[in-house]
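First comes the structure, then the notes that go with it.
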Amino acid sequence: MNENKEQEEAKIRKMLADYTAYSGYKLNPDTKSVDRVVKGLVTRTMKYGHAYCPCRLVMNDPEKDKKIICPCAYHKEEIERDGECHCNLFVRADYQAKNNTGE
């Protein structure tokens, strides 16, 4: 089981790297955020057979659910509006990490 998880994680990380190479977006520089989302994508891939966004509800309706396969149908609009997608995986190329130090 762990070997399958590791293989699935490698596939997902390659897909993310390939996507960011041509999309104009980049992965969030906060590696903890990226790791959290990747873990969710691995879990959902193993459970459902697709890398459904871990931040969205799977409806068990193939037509609706295909919109939430990573990268989801909503990420471009969210990045344009907010600088990052809903789950904080993808960010604009000019994204500046949020300052969480309370200053």
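If the segment from ALA21 to ASN2 were pulled out straight at 0.36 nm per residue, it would be longer than the present Cα-Cα gap by 4.0 nm. To the nearest ten degrees, helix 2-23 and the longest principal axis of the Cα atoms of the chain are 50 degrees apart.
Using a Cα-Cα cut-off of under 17 Å, which aspartates and glutamates could be cross-linked to LYS11, ignoring same-chain neighbours fewer than 8 residues away? Those aspartates and glutamates meeting the cut-off are GLU3, ASP35. Calculate how steeply helix 31-48 sits against the longest principal axis of the alpha-carbon atoms of the chain, using the helix alpha-carbon long axis, and give the answer as 0 to 90 degrees to the nearest 10. In the chain, helix 31-48 runs at an angle near 20 degrees to the longest axis.
Note on region 2-92: Cα-Cα pairs beyond 15 Å make up 57% of the total pair count. Past 24 Å, Cα to Cα, is the threshold; run LYS32/LYS76; LYS39/LYS64; LYS47/LYS76; LYS26/LYS67; LYS5/LYS64; LYS5/LYS76 against it and keep the listed order. Long pairs (Cα-Cα over 24 Å): LYS47/LYS76; LYS5/LYS64; LYS5/LYS76.
Each reported figure results from applying straightforward, stated rules to the coordinates on display, with no laboratory input. As the structure is a prediction and not an experimental result, all values here were calculated from the model.
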